[in-house]
1. Just to confirm my filter: which helices (runs of 4 or more DSSP H) fall fully inside segment 1-87 and include at least 3 residues that are within 15 Å of the ligand (Cβ to nearest atom), within 28 Å of A170 (Cα to Cα) and open to solvent by 10 Å² or more (accessible area, probe 1.4 Å)?
2. Being open to solvent by 50 Å² or more (accessible area, probe 1.4 Å), of a type outside the set (D, E), assigned to a loop (DSSP other than H, G, I, E, B) and in contact (Cβ under 8 Å) with a residue 60 or more places away in the chain narrows it down to one of R94, R105, so name that one.
3. Which number in (1) in contact with a helix residue (DSSP H, G or I) (Cβ under 6 Å, 6 or more places away or on another chain); (2) of a type outside the set (A, V, I, L, M, F, W, C); (3) on the phi > 0 side of the Ramachandran plot marks the one condition that H178 misses?
4. Which numbered condition trips up P113, out of (1) open to solvent by 20 Å² or more (accessible area, probe 1.4 Å); (2) more than 9 Å from the ligand (Cβ to nearest atom); (3) closer than 12 Å to H141 by Cα?
5. Considering segment 152-195 alone, what residues qualify as being assigned to a loop (DSSP other than H, G, I, E, B) and of a type in the set (A, V, I, L, M, F, W, C)?
6. List the number of the failed condition for H125; all other conditions in (1) open to solvent by less than 20 Å² (accessible area, probe 1.4 Å); (2) within 13 Å of the ligand (Cβ to nearest atom) hold.
7. Take the residues in segment 138-152 that are open to solvent by 50 Å² or more (accessible area, probe 1.4 Å) and among the aliphatic types (A, V, I, L, M); name whichever of them is farthest from P182 (Cα to Cα).
Amino acid sequence: MTKRVRTAVLISGRGSNMMALIEAARKKDFPAEIALVLSDEPRAAGIKAAQAAGVAAVPLDYRTFSGKTEFETTVTAALVAARAELICLAGFMRILSPAFVERWRGRILNIHPSLLPDLRGLDTHERALAEGRAEHGCTVHFVTAELDAGPIVAQARVPVLPGDDAGLLAARVLVEEHRIYPQALDAAARAVLAARACSAG
Ligand code: GRF
């Protein structure tokens, strides 16, 4: 296969979606490779998991930066040093600035635990239950300057069942997250490879 698309994963915590991407990228024909994992929280469990999987991991501590601009400058430097072409946000709990999003336009994916455009923002499982919805799910989308509003790449639905609480519902959604995020990265990476082939003539 042509050289695979170098991909960075940004996390803040557990990193189960990150691991799903790392596992998928182990397959010979997968069009992306996970070149870097970066967190804004040094104690993120996902950092240890990435290191154990043999992936380069950069644990940043957001609190040590003067603010978003300085933090994002450091993130960009790490991404450039890793020659990242795609970025997957996977439980990354910071809103990126419009300038950062523009710098990586069309190159940032996010996974959100709802059927976007429904339930943008936080606490989606609690809100799905409170609103008495029959269905819930997850979405992978490109990141734009507007929160949880960019073009949708993949979506999966799950039923809301009698007796569900937020934990049960989140677990049912998470199974689907781990299924569709690798599929979405596969599609996005193939598009990058196709663009590369075009520009090479
Ligand atoms: C996932 O539910 C994801 O959709 C949301 O945050 C959670 C992260 O979980 N954005 P993990 O760190 O990937 O395990």
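The values are calculated or read from the model by the stated rules, or taken from the named source; none is laboratory data. Since this is a predicted model, take the numbers as computed values, not measurements. Cβ placement follows ideal geometry from the backbone for every residue including glycine, while neighbour counts extend to all protein chains displayed. When the accessible area is computed, the model is the full protein with side chains, heavy atoms only, and any ligands, DNA or RNA have been set aside. Shrake-Rupley method; radii C 1.70, N 1.55, O 1.52, S 1.80 Å.
1. 16-25, 45-52
2. Numbers: R105 fails: in contact (Cβ under 8 Å) with a residue 60 or more places away in the chain.
Answer to the check: R94.
3. Unmet condition: (3).
4. (2)
5. Scanning segment 152-195 gives V160, L161.
6. Condition (1) is where H125 drops out.
7. Per the criteria, the residue is A145.
Each row is one residue, and each column tells you yes or no for (1) under 24 Å from A32 (Cα atoms); (2) of a type in the set (V, I, T); (3) surrounded by fewer than 22 Cβ atoms within 10 Å (Cβ to Cβ).
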position	(1), (2), (3)
H136	no, no, no
Q155	yes, no, yes
D165	no, no, yes
V175	yes, yes, yes
R179	yes, no, yes
